Each structure stands twice: as C-alpha cells, then as structure tokens.
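Chemist: Here it is: the structure, laid out below.
The values are calculated or read from the model by the stated rules, or taken from the named source; none is laboratory data. Computed from a predicted model, the values in this text were never measured in an experiment. We place every Cβ from the backbone using ideal geometry, glycine too, and count neighbours over all the protein chains shown. Heads up: the accessible areas ignore ligands, DNA and RNA and are worked out on the full protein's heavy atoms, side chains in. Shrake-Rupley method; radii C 1.70, N 1.55, O 1.52, S 1.80 Å.
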Amino acid sequence: MAKYKLEYIWLDGYEPVANLRSKTKILDFKSSPKLEELPWWNFDGSSTRQAEGKTSDCMLKPVAVYPDTTRKDAVLVMCEVYMPDSKTPHPTNARATILDDPGAWFGFEQEYFFWKDGVPLGFPASGYPYPQGEYYTGVGYRNVGCVARELVEKHIDLCLDCGINNEGVNSEVAKGQWEFQIFGKGSRTAADQMWMARYLMMRLCEPYGIDINWHCKPLGKDVDWNGSGMHTNFSTTHMREVGGKEYFEALMAAFDKHKNEHIAVYGPDNHLRLTGLHETQSIDKFNFGVGNRGASVRLPQTFIPSGYRGYLEDRRPNSQGDPYKIASRILQTIATVPTGPAKKGKK
C-alpha cells in the first residue's frame, strides 16, 4: 500500500465566472486509484459561495481522474458539487445537467494573457509596447519575452502526462497573449479536460509570480488590442459522415435563430469583445463564411469541397466561458435540426 495524494478539484459559486478550487486528500491504495475507487468528500460551501454557514457542507463527487506527475503517488480528481444528501446536484453544478453525446467532438481554443504586476507579461509599467503585428506566432525575446515560452512548454508536458489532449499552442496577436487547444469526444469529456488544463496552467504559474487573466477584454474595449476568445470547434457523427448543403443551411438558420441563447452562455462581458473589430462579428449579428475570422461561425476550407461535411468553428465563445455550458448549448441547437433520411455523402 502507498499513500496517494488525491487533489479534488471543483468549481465554486462565484458569478458570473466560477473559480477553480482544490484540496488534497491522502488515502492508501495498492496502485494509482481508478475513478470508481475514489470516495466522495465534503467541503465548506460557506467559503465558496455555495452554502450558508449554518448548513455549510457540500459534497464532491469524483467524475474524472488524471495522473499528477508533479507529485509522487498523486492524481488530479475533477469533481461535481452536490448538496449534502449526495443525490441532488448543487445549483452551481453545470456539468450534471448538460447534454452529452459521445459522437459529438469538441475542440476548444483557449486564449489567455499571462499577467504580472497588473499588466500583461512584457508590458512596460506605464503605456504600451509596440503595436500588434509581430506577436502572433512570434519568435524571439522582443516578441515573447524570456519566461512565457518556458511556461507554455511546461504546460504542454503537464497536459500530455495527464492524458489531456492538448493539440497545440501558439503565441497570440497581443503582447503577453497565448493560446492552447484542447480536444475531446463528448461534451463532458472535452469540458473536463479544458477545466483541468486551465487548472494546470494556473498552478504552474504560481512559483513564477504570474497570474492567468482569462477575461475576454482585459485591456478594455477602446484600445487597439485583441481580446481573448475560446473558439469552439464542433462536429457530430451526422456532420462528419452525412452533412450536405441542405442540412448545413438548416443548421446555420438554427444558430441564427438561437443566437441570443448562445451569447447568454458564451462568457460574460462579450459585448466588449464582439464589436465587429479585432477578428469578431458584432454581438447582435450572426453570419458564417469560409475561412472568415470575422464571422460568427467559420467554415474550414475543406468543409464545402467535402460535401458540407466535417467540423465548424463557433468564434463567439470567449475566454472566460464555461465549456460545459458552451458545448451543451451547441448540442441543444443542433438537436433542433432534423437529420432526415439523407444518404451518406449527399451534397
């Protein structure tokens, strides 16, 4: 038997954006524990805006487990929050009630800023660095500084060691801004991995005295600096295998019809980001286009030649969005569009 460190991780009750919380439980196991071996655990919900002090117990239900290579004999445990009866999902528990479909694939493109001393990493103490242009996928100290790439590379390894599908990284358009990309099959699986990747990045930066700023427009609306999105690539089995122009047009009509419902769960303060500038469409409009990074939904170049089959990229979700809610809303809208008896490959 060995003493295993179990890091229980959950989302608190803060609004409009939940914070990640975690605490360590130590138990004996013969080998690295499987999900079904992990016990429920309680925590003080009065300290996380999830309960009152007079009835403060909330319960943590393990829902996903990942190896933690930063500690000896350790795992990371993603949890849902339940009421004290261990039967009722807590009102802050978005994961428990979302739509899920193993045939739905999601790829989240998480943009963020490294943040130090109240400004993006690499900004001068007052004023601004040289304008946007060379930072995107940039190389060299002048563009990326001396620590950001080190953190990004370490984050890649942490994710891969945990079994999280980190599929790529790059420096972004603004100084101090970067992106990582997480892929998963099924809304819950994909969103679990995204939250865990966020957790790993935040924990990684602690000894460097650096925070991660997830806000979609941390420098404000009225400056010529890009905001941060979480562009969401998605497909279903029908979209990949059947597709067709008629189905695609019906799907986009549904996305247009439900655009307000999408915006409602695509992250707070999106009106600051979705202005029609800086590679965005206005928040009150919906459009789509091949390779159009100023569209609400971007079609990859291969989509139409493949018979309107493949994936689509919703560019409206922002960097603070909850991937559980985003993926579920996308599936809700998709569910309103009949698939019909179309034959495979119909154009």
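Chemist: Restricting to the range 156-214, and then to whatever is open to solvent by 30 Å² or more (accessible area, probe 1.4 Å) and of a type in the set (A, V, I, L, M, F, W, C), can you tell me which residue is farthest from R142 (Cα to Cα)?
Modeler: F183
Chemist: Let me ask something else about it. Given the criterion of a type outside the set (D, E, K, R) and touching a residue at least 24 places away in the same chain (Cβ under 8 Å), identify the matching residue among G118, G168, G163.
Modeler: G163
Chemist: Within the range 293-312, is even one residue open to solvent by 50 Å² or more (accessible area, probe 1.4 Å), aliphatic (A, V, I, L, M) and within 15 Å of S228 (Cα to Cα)?
Modeler: No, the range 293-312 contains no residue that is open to solvent by 50 Å² or more (accessible area, probe 1.4 Å), aliphatic (A, V, I, L, M) and within 15 Å of S228 (Cα to Cα).
Chemist: State the number of residues belonging to the range 269-290 that are open to solvent by 30 Å² or more (accessible area, probe 1.4 Å) and touching a Pro at 6+ places or on another chain (Cβ under 9 Å).
Modeler: Residues meeting the conditions: 2.
Chemist: Additional query: I need the full set of residues from the range 244-278 which are outside any helix (DSSP H, G or I) and over 19 Å from the mean Cα position of the chain (by Cα), in order please.
Modeler: Here is the first cut: in the range 244-278, the residues outside any helix (DSSP H, G or I) are 244, 258, 266-269, 274-278.
Once the filter is applied, which keeps residues that are outside any helix (DSSP H, G or I) and over 19 Å from the mean Cα position of the chain (by Cα), the range 244-278 yields G244, H258, T275, G276, L277, H278.
Chemist: Taking the criterion of being under 21 Å from R203 (Cα atoms) and touching a residue at least 60 places away in the same chain (Cβ under 8 Å), would at least one residue in the range 57-64 satisfy it?
Modeler: Looking for residues that are under 21 Å from R203 (Cα atoms) and touching a residue at least 60 places away in the same chain (Cβ under 8 Å), one finds at least one in the range 57-64, hence yes.
Chemist: Looking at this structure, is S282 without any contact (Cβ under 8 Å) to a residue 12 or more places away in the chain and closer than 22 Å to W225 by Cα?
Modeler: So S282 passes the test.
Chemist: Still on this structure, I have one more. Any chance the range 319-336 includes a residue that's open to solvent by 30 Å² or more (accessible area, probe 1.4 Å) and of a type in the set (F, W, Y)?
Modeler: No, every residue in the range 319-336 fails to be open to solvent by 30 Å² or more (accessible area, probe 1.4 Å) and of a type in the set (F, W, Y).
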